[in-house]
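The structure appears below as structure tokens.
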Protein chains: 2
Amino acid sequence: MSQAGVIDDPMATSFMKALVGRIRAEDMYGAWERKTNEMLLDDYIVSKEERRAMPMISDPDPDTLARVETFFQAVGLAIEQETGLIASPMMKMSHEGFGRVILTTGRLVVFMKTLRDVHRFGFDSLSALAAEGAKAVNAAVAEINRFPEVARA
Amino acid sequence: MSQAGVIDDPMATSFMKALVGRIRAEDMYGAWERKTNEMLLDDYIVSKEERRAMPMISDPDPDTLARVETFFQAVGLAIEQETGLIASPMMKMSHEGFGRVILTTGRLVVFMKTLRDVHRFGFDSLSALAAEGAKAVNAAVAEINRFPEVARA
């Protein structure tokens with residue numbers, strides 16, 4: 001993932017709220033109730049050094065894949081919050097950390113991305129995470145505004 | 001899969017030609033060279049009785065999944081032949097034979113289908129197979145004609 005710009009109050013964006021909400025939804029037994037939102041997002045923060053040390057052999061582990069999937073689910077939820085239209089993500093990993101994710105709204109592909117080296121999925125900081133999420137949300141909202149009738153088809 | 005209408009010369013449709021082509025492309029060592037096209041499609045033909053006898057526990061086996069995926073790849077190739085636009089399928093199975101497939105062309109979702117009971121994927125006859133493929137191709141071409149600029153976006 002590229003490291004996009006800086007966001008002043010990352011936790012206040014609709015994407016980050018959606019991401020925290022998705023993670024808390026998985027907390028069936030209340031084990032994370034006392035954890036702060038920042039603590040829950042800790043797995044998304046990976047320093048350059050940590051990233052470099054991660055091996056890229058074989059398929060990424062299920063936790064990593066779930067993290068990537070949750071990221072794009074949160075993008076979808078934030079799109080819904082901004083536009084009122086449901087955006088469903090569909091992620092398909094082929095092999096060895098290579099794959100593709102698309103988000104659709106009605107008949108419109110609002111976002112698509114080729115995924116590479118998913119083993120190393122992570123961000124330098126909460127601000128970078130928030131910026132990357134916001135970038136995807138904004139791109140999708142722009143597509144919806146470009147083809148509104150297709151997004152509602 | 002529903003059993004759609006009857007096609008006079010099923011093997012002559014662009015969908016069936018694409019399907020046979022996809023299957024022959026997997027024949028790395030020429031083992032199927034002497035097989036007729038009809039023989040290669042034999043796995044797609046499942047009678048009502050055979051279907052009923054198939055257990056639907058656990059996930060469908062890899063051969064069945066590959067067969068479903070090849071079916072939609074052939075739909076994509078036939079769409080390309082009719083419109084000149086590349087249609088990429090994306091299939092995602094969640095669990096126990098339940099999933100979703102979409103085909104996209106540019107920014108347009110040209111075809112989408114919820115898959116159920118994939119264990120029993122099959123058709124009564126070559127004619128029914130050809131009809132179901134043609135139905136998907138025609139639906140996709142109609143969407144492309146409806147939103148031509150999105151399909152080229």
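The values are calculated or read from the model by the stated rules, or taken from the named source; none is laboratory data. Computed from a predicted model, the values in this text were never measured in an experiment. Using ideal geometry, Cβ is built from the backbone for each residue, glycine included, and neighbour counts are taken over all protein chains shown. Heavy atoms of the whole protein, side chains included, go into the accessibility calculation; ligands, DNA and RNA do not. Shrake-Rupley method; radii C 1.70, N 1.55, O 1.52, S 1.80 Å.
Yes/no per residue for (1) over 21 Å from A:ALA53 (Cβ atoms); (2) in contact with a Ser or Thr (Cβ under 9 Å, 6 or more places away or on another chain); (3) open to solvent by 40 Å² or more (accessible area, probe 1.4 Å); (4) away from chain B (no Cβ under 12 Å):
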| residue | (1), (2), (3), (4) |
| --- | --- |
| A:MET112 | yes, yes, yes, no |
| A:VAL118 | no, yes, no, yes |
| A:ALA130 | yes, yes, no, yes |
| A:ALA140 | yes, yes, no, no |
| A:ILE144 | yes, yes, no, no |
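Looking across segment B:51-68 at every residue that is touching a Gly at 6+ places or on another chain (Cβ under 8 Å) and open to solvent by 50 Å² or more (accessible area, probe 1.4 Å), the one that is modelled with the highest pLDDT is identified as B:ASP59. For segment A:3-37, a residue qualifies if it is in contact with a Ser or Thr (Cβ under 6 Å, 6 or more places away or on another chain) and not in a loop (DSSP other than H, G, I, E, B), and the qualifying residues are A:PRO10, A:ARG22. A:LEU77 passes every criterion in (1) modelled with pLDDT under 95; (2) away from chain B (no Cβ under 14 Å) apart from (1). Once segment A:89-109 is narrowed to residues that are of a type in the set (A, V, I, L, M) and over 14 Å from A:ALA139 (Cβ atoms), the residue that is nearest to the other protein chains (Cβ to nearest Cβ) is A:MET90. Might you check whether a residue that is among the charged types (D, E, K, R) and over 14 Å from the mean Cα position of the chain (by Cα) occurs anywhere in segment A:97-104? Checked against the condition, which is being among the charged types (D, E, K, R) and over 14 Å from the mean Cα position of the chain (by Cα), segment A:97-104 yields no hits at all. The set of residues in segment A:38-50 being part of a helix (DSSP H, G or I), surrounded by fewer than 16 Cβ atoms within 10 Å (Cβ to Cβ) and not aliphatic (A, V, I, L, M) consists of A:GLU38, A:ASP42, A:ASP43, A:LYS48, A:GLU49, A:GLU50.
One residue stands out among those in segment B:1-35 that are polar (S, T, N, Q) and open to solvent by 40 Å² or more (accessible area, probe 1.4 Å): the one that is modelled with the highest pLDDT, which is B:GLN3. Candidates are the residues of segment A:69-85 that are in contact with a strand residue (DSSP E or B) (Cβ under 7 Å, 6 or more places away or on another chain) and over 13 Å from A:SER14 (Cβ atoms); the one that is surrounded by the fewest Cβ atoms within 10 Å (Cβ to Cβ) is A:GLU69.
Taken over segment B:6-57, the criterion of being under 16 Å from the mean Cα position of the chain (by Cα) and of a type in the set (Gly, Ala, Ser) is satisfied by B:ALA12, B:SER14, B:ALA18, B:GLY21, B:ALA25.
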